[in-house]
Amino acid sequence: MSELKKGLLSVLLIGCIFSLAACDFQYGLYHSRTKKEVISIELINYNSPDAKSNPKEEYPFDLEKLEVLETLSSDSFEGFLAELSEIGGLAAKHKQVLNSPVGVGIKITYHDGSFAIITVTVVNEKEYVFRGEYDADSSIKWYFGIPWQDMIDDFKTLVNKYFDTQIE
């Protein structure tokens, strides 16, 4: 009987360890602020050759590298943010690959001067999405840079729906 209990306990322990290792993580492109806090949504190109050539390094945000391609009308904020907040979901933990923004994406600026950056970046022929939150001093508060193709495709579709300038 004691052998049976040890065997069952071992199976239960292995099952618990497997369950913990297989946990999903929540990834979302937008969920942090309300429409009322947003003062602008801009389609941008963030040109950072250093970040593209060395994506695992974290580089400080530099407004000189930011080019505004187009600004979304405030009448479209609510719909855009609602659709943006739907992009993402549960997934296995993705390997963090990109630690700074680079490429085409959006900048969402808030009343307090803080902002969010979401860019799509191609590194070594593979696409990555970067999502970062910055304070009013352009210091990074948190971010992720992962290769989740469904999220990237959904983001591009949304941007192309709301902006005249199309991204590929």
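Against the test of being modelled with pLDDT of 65 or more, within 18 Å of residue 144 (Cβ to Cβ) and charged (D, E, K, R), the options 37, 57 yield a single qualifying residue, 57.
Out of all the residues in region 79-94, is one or more in contact (Cβ under 8 Å) with a residue 40 or more places away in the chain and closer than 26 Å to residue 49 by Cα? There is at least one residue in region 79-94 that is in contact (Cβ under 8 Å) with a residue 40 or more places away in the chain and closer than 26 Å to residue 49 by Cα. Failed condition for residue 86, given (1) within 13 Å of the chain's Cα centre (by Cα); (2) at pLDDT 95 or above, with all others met? Here residue 86 meets the rest and fails (2).
Can you pull out every residue in region 147-160 that is touching a residue at least 60 places away in the same chain (Cβ under 8 Å) and either farther than 25 Å from residue 64 by Cα or in contact with a Ser or Thr (Cβ under 6 Å, 6 or more places away or on another chain) (or both)?
Answer for region 147-160, where residues must be touching a residue at least 60 places away in the same chain (Cβ under 8 Å) and either farther than 25 Å from residue 64 by Cα or in contact with a Ser or Thr (Cβ under 6 Å, 6 or more places away or on another chain) (or both): 148, 151, 154, 158.
Criterion first (buried (at least 22 other Cβ atoms within 10 Å of the Cβ) and farther than 19 Å from residue 58 by Cα) does residue 130 satisfy it? No; evaluated as a whole, the condition is false for this residue. Among the conditions (1) more than 16 Å from residue 30 (Cα to Cα); (2) surrounded by fewer than 19 Cβ atoms within 10 Å (Cβ to Cβ); (3) within 14 Å of the chain's Cα centre (by Cα), residue 139 misses just one, which is (3).
Is it true that some residue in region 68-81 is within 11 Å of the chain's Cα centre (by Cα) and either surrounded by 14 or more Cβ atoms within 10 Å (Cβ to Cβ) or among the aliphatic types (A, V, I, L, M) (or both)? So far as region 68-81 goes, no, none of its residues is within 11 Å of the chain's Cα centre (by Cα) and either surrounded by 14 or more Cβ atoms within 10 Å (Cβ to Cβ) or among the aliphatic types (A, V, I, L, M) (or both). Within region 122-135, residues that are modelled with pLDDT of 90 or more have Cβ atoms under 7 Å from residues that are among the aliphatic types (A, V, I, L, M) and not in a strand (DSSP E or B) in these pairs: 127/152; 128/97; 128/98; 129/151; 129/152; 130/98; 131/29, counting only partners at least 6 apart in sequence or on another chain.
The values are calculated or read from the model by the stated rules, or taken from the named source; none is laboratory data. Model, not experiment: these values are computed from the prediction. Please note: Cβ atoms are built from the backbone with ideal geometry, for glycine as well, and neighbour counts cover all protein chains shown.
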